[in-house]
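In what follows, a structure is listed as structure tokens, so that the remarks can point back to it.
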Amino acid sequence: MKLTLKIWRQKNQSSKGAFESYQVEADEHMSFLEMLDVLNEQLISEKKSPVAFEHDCREGICGTCNLVIDGRPHGPSQGTTTCQLHMRSFKDGDTIHIEPFRARSFPIIKDLVVDRTAFDRIIQSGGYVSVNTGQAQDGNAIPIEGNTAAKAFDSATCIGCGACVAACPNGSAMLFTSAKVQHLGLLPQGKVEHKSRVQKMVAQMDKEGFGFCSNVGACEAECPKEISIDNIAAMNRGFVGSMFSTEE
Amino acid sequence: MSLKNNVPEGPLADKWTKYKSTMNLVAPNNKRRIEIIVVGTGLAGASAAATLGELGYQVKCFTFHDSPRRAHSIAAQGGINAAKNYQNDGDSAYRLFYDTIKGGDYRSREANVHRLAEVSTEIIDQCVAQGVPFAREYGGLLANRSFGGVQVSRTFYARGQTGQQLLIGAYQALSRQIARGSVTMYNRHEMLDLVKVDGKARGIICRNLLTGEIERFAAHCVVLATGGYGNVFYLSTNAMASNVTAAWKSVKKGALMANPCYTQIHPTCIPVSGEYQSKLTLMSESLRNDGRVWVPNKVSDAEAIQRGEKNALDIPEEDRDYYLERRYPAFGNLVPRDVASRAAKVACDEGKGVSKTGLAVFLDFASAIERYGKAEALMAGISNPSKEKITELGRAVIKKKYGNLFQMYEKITGENPYKLPMKIYPAVHYTMGGIWVDYNLQTNVPGLFALGESNFSDHGANRLGASALMQGLADGYFVIPYTIGQFLSKEIRTPAIDPNGPEFIQAEKEVKEKINQLMGIQGNQSVESFHRKLGKIMWEYCGMARNAEGLKKGRQMIRDLRKEFYSDVFIPGTNDEYNPELEKAMRVADFLELGEVMMVDALNREESCGGHFREEHQSEEGEAKRNDADYTYVAAWEWNEENPILHKEDLVFENVELKTRSYK
Ligand SMILES: Cc1cc2nc3c(=O)[nH]c(=O)nc-3n(C[C@H](O)[C@H](O)[C@H](O)COP(=O)(O)OP(=O)(O)OC[C@H]3O[C@@H](n4cnc5c(N)ncnc54)[C@H](O)[C@@H]3O)c2cc1C
Ligand code: SF4
Ligand code: FES
């Protein structure tokens, strides 16, 4: 299949970027990123600068890949990361627009590569259980009810890709942050620190310049792990609760 | 050089406990002044850095990824072993120890493996306390499942994403220490050299991947947790960026590469679909519980399938060869990984492969669907169910058991595995070989330690499923925090190491020269094309089956390719910017040397054991023949451009008897 690609090229953070057009010959069995590999091989053979994009596991779990394809973070397929997208989702003769995740808190490094370290700092602000190695009791000491465990698990499947931020018109990180808050807060091991965790993580989120949440719901629609927007509502309840608490 | 493994005296089961309680300690006030470099943030590195930070050391932690959470450990699917005996099925530390030694085909060190089995239980406790959401039973207690090569149920899991959940647990522990200031995190920093001062490991040289700047970092010691080197084969189930550079640079500074030829080739992966293929995807081992492996009996049928003129359903039952069931009636489709992989290769070598490329076999669920369907119909009280009804009911059972895997398969191949059998083929998955370490996980370079997949220590010639995650976390949480004290307790009077010392300046200069050399070649072939060529040589001559002639030929081909690389590689861009092609070029340069040592090691080992199969050493039925009299040793290689130099550590078995594995 013959494709026209319109790709965002930007030399570095301070330079101005623009779309550039490329023609590429692809095979329907290729993954989307393999199609970009082919383009890059072509550019390198012409001694031109290849398109910078990030990826690692190429099986939908590391959260590294992050392209906006025809206006949608991770492309057209539901519940799919960019690396899991295959060319059979496109037709011969298609024109495809490829852009980086855009958000104030994700500065562009080069072409399609952005800096998502703000997410790491949100976790550092409180996204953990304060337990040192060797302090744990037996793993079966506290049974956890199946439904609760399953809900915590659903929140824990977040891969930290940032599509929720890129999809949000406000550039909010609420889905990411609330997924972590709920994952830990639902489990007995994480409950103890729940209130202070919510406060610290929300404060850090604001400090990083992520926008507010106005319940648009685009985050949930684009999340490759289908993390539910219910996490946000639950965290909001926890946050309000924590404001009236006398504990730290 | 004599290799001292420093295994403590005493009975096997008491060694670790006794050693721990008599070890040298570092007092808290001294810990605050001691600096440790940890390279890598996978399960091994993140758990080590977090724990060392908790203990009060000053830790500097490095990853080439954009975040510590992206390490390759994230991709592990199946589970993690621990001898908890929660199922009351007779498990114990000894049994886990024994299974691991046997599974490794008697090529690992007894004392290390026993320690691993002992601390396995603490890992589960620690992870639960961190909030890792393991699978649970109805009563709320932890669930287990079984994995290949063992008879107990000791594998803990978190849906199909155990690695992710464990890594996030370790990443969060690490994040907490970063926030406390005990760990300083350096993302997007790639270690490009080790610095030794007076023979001790005292620092590293890194390239800042955002700016291209070369930076020097000093510490009292260096811990490597940089993962495996499966990507020397180009195509593997490893993440794209996994590489050997940190380990290899350390080897060039005097560390030893142990058993590099021990590679695990996993039998059930999605086959290569074309030249453009960039990586391979694993299909969990659990599928072999219900899938039957077969190829057509007649080459003519296979060829028709390859040309797309026939499909699996066109081949009548009597024209199919269920070769695992035929060759290994006792274990059938559930033979260990190495055996299943070799058998698939034999079938495809005979021209019976079932994909366009001829390199695939069927994994067929039709019998299971029918079996489950009939049972369901019976339970639902349907008498005389139609064929369609049986199929429908059977597919529902399969969907419940393997739904996510079937979906993943369909996403990648575009074929519906409920209707047509899956096509699978073996792929490189894990490397048992790695940097040589003693009982303290210290290399032969004082002050240099290696953990996780980057060392060679626990899996011998073949790793059992769900044991790599266990080893990474054992090393990081429960072993290195103790054993590092054996070295550091003698360093409490050593002042902070100066990163401006002559050894650092010299190492930095060498790294810069190397980069300039590569950038200056300005040839005509891409880095990727060299990597691909190297992978093909490795796969052809050092893959599932090896022989002396091929290994010699392969070695020469690598030497030639290396020469070509240094005269014709083309790297676009400059070295003082974000430049993924340059990163790749330096990794491939190291693979081009490692690959040669793998060939040399495989040639040296005149026996077949675990993942290493030498065609000259097999029985008449094609089974592996070990040579315990001459090869019960670890082969640890010192790099030398002309001829790598062999050092041996003899393996002494005091507790288990060496036996031949049989699955017939
Ligand atoms: C698809 C797949 C499924 C698997 N499933 C299972 C399973 O179910 N159970 C099981 O037990 N095992 C499984 N394994 C094996 C297991 O995942 C790995 O062996 C293990 O996770 C390795 O962990 P590690 O910490 O040693 O290294 P890694 O997780 O590979 O981490 C390496 C780290 O080192 C860093 N690094 C490397 N080089 C440098 C450098 N030069 N400079 C700076 N940083 C560097 C990287 O950035 C990374 O942070 C699986 C493997 C694969 C490929
Ligand atoms: S919530 Fe979803 S979209 Fe947001 S970071 Fe997590 S996985 Fe990505
Ligand atoms: S590359 Fe890992 S999720 Fe896409």
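General remarks:
- For GluC sites (Glu not before Pro), no site in region B:390-489 is both called loop by DSSP and has at most 10 other Cβ atoms within 10 Å.
- Largest first, the residues B:Ser662, B:Ser489 sort by 1.4 Å accessible area into B:Ser662, B:Ser489.
- Taking N as its residue count, the alpha carbon Rg of the protein assembly as shown over 2.2 N^0.38 Å: 0.91
- Cα convex hull of region B:509-650 - mean projected area over all directions, nm²: 10.0 nm²
- Loop GluC sites (Glu not before Pro), region B:134-223, which have at most 14 other Cβ atoms in a 10 Å radius of their Cβ (DSSP): B:Glu137, B:Glu213
- Helix content alone sets the calculated 222 nm mean residue ellipticity of chain B: runs of n ≥ 4 DSSP H residues at -39500 (n - 2.57) each, divided across all residues, give -12000 deg cm²/dmol.
- Built from the Cα atoms of region B:451-579, the convex hull projects on average onto 12.8 nm², one quarter of its surface area.
- The residues packed around B:Ala589, meaning those with a beta-carbon under 14 Å from its beta-carbon, carry a net charge of -3 if Lys and Arg are +1 and Asp and Glu are -1.
- Alpha-carbon radius of gyration plus Dmax, which is the widest Cα pair, for region A:2-110 in Å: 13.4, 37
- Heavy-atom accessible area ranking, 1.4 Å probe, most first, across B:Leu658, B:Leu324: B:Leu658, B:Leu324
- Couplings 3J(HN,Hα) of region B:198-205, computed from phi: 6, x, 9, 6, 10, x, 9, 10 Hz, in residue order, whole Hz [Karplus 6.51 cos²θ - 1.76 cosθ + 1.60, θ = phi - 60°; x for Gly and Pro].
- By the Kirkwood approach, averaging reciprocal distances over each pair of separate Cα atoms, region A:78-123 gets a hydrodynamic radius of 13.2 Å.
- Whole-angstrom gap from region A:114-192 to region B:410-435, using each part's C-alpha centre: 31 Å
- Taking the empirical scaling 2.2 N^0.38 Å for compact globular proteins as reference, chain A has a Cα radius of gyration ratio of 1.14.
- Simple rule: put +1 on each Lys or Arg Cβ and -1 on each Asp or Glu Cβ in chain A, find the dipole, and look at A:Ile69, A:Leu112, A:Gly17; the Cα lying farthest toward the positive end is A:Gly17.
- Taking each of B:Lys18/B:Lys490; A:Lys225/B:Lys411; B:Lys252/B:Lys490; B:Lys374/B:Lys411; B:Lys352/B:Lys399; A:Lys6/A:Lys110 in turn, the alpha-carbon distance tops 18 angstrom for B:Lys18/B:Lys490; B:Lys252/B:Lys490; B:Lys374/B:Lys411; B:Lys352/B:Lys399.
- For B:Tyr328, net neighbour charge (Lys/Arg +1, Asp/Glu -1) across residues whose Cβ lies under 14 Å away: +3
- The convex hull drawn around the Cα atoms of region A:117-243, when projected onto a plane and averaged over every direction, covers 7.9 nm².
- Percent of beta bridges antiparallel (DSSP, the protein assembly as shown, rounded to nearest 5): 70 percent
- What the Cα convex hull of chain B gives, in volume per residue, is 159 Å³.
- Taking θ as phi - 60° and the Karplus parameters 6.51, -1.76 and 1.60, the scalar couplings of region A:106-117 work out to 10, x, 6, 9, 6, 6, 9, 9, 10, 9, 10, 5 Hz in sequence order, x denoting glycine and proline.
- Highest-fluctuation residue, A:Ser178, A:Ser77, A:Ser15 considered, GNM on chain A with Cα pairs under 10 Å: A:Ser15
- Which of B:Glu620, B:Glu641 is most accessible, then next, and so on - probe 1.4 Å: B:Glu620, B:Glu641
- For region B:27-35, 3J(HN,Hα) per residue [Karplus equation, 6.51 cos²θ - 1.76 cosθ + 1.60, θ = phi - 60°, Hz, x = Gly/Pro]: 5, x, 5, 7, 4, 4, 8, 9, 9
- Helix B:502-521 axis, angle to chain B major axis (alpha carbon atoms, nearest 10°): 50 degrees
- Dimensionless Rg over Rh [region B:126-281; C-alpha; Kirkwood]: 1.02
- Acute angle (nearest 10 degrees) that the helix B:162-180 long axis makes with the longest principal axis of chain B, alpha-carbon atoms: 20 degrees
- Scaling the Cα radius of gyration of region B:1-80 by the globular reference 2.2 N^0.38 Å produces a ratio of 1.43.
- Cβ-based net charge around B:Met557, under 15 Å, with every Lys or Arg adding one and every Asp or Glu removing one: +4
- The eigenvalues of the Cα gyration tensor, multiplied by 5 and square-rooted, give region B:304-368 an equivalent ellipsoid with semi-axes of 21, 15, 9 Å from largest to smallest.
- Dividing the convex hull volume of the alpha-carbon atoms in region B:302-422 by its residue count gives 136 Å³ per residue.
- Region B:571-644: trypsin sites (Lys or Arg not before Pro) in DSSP coil with no more than 15 other Cβ atoms inside 10 Å: B:Lys625
- The Rg/Rh ratio for region B:598-664, using Cα coordinates for both the radius of gyration and the Kirkwood hydrodynamic radius, is 1.02.
- Tilt relative to chain B, helix B:527-542 - C-alpha long axis, 0 to 90 degrees, to 10: 60 degrees
The values are calculated or read from the model by the stated rules, or taken from the named source; none is laboratory data. Treat the numbers as computed from the prediction; the structure is a model and nothing was measured. Please note: Cβ atoms are built from the backbone with ideal geometry, for glycine as well, and neighbour counts cover all protein chains shown. Calculation scope for accessible area: heavy atoms of the full protein, side chains included, ligands and nucleic acids excluded. Shrake-Rupley method; radii C 1.70, N 1.55, O 1.52, S 1.80 Å.
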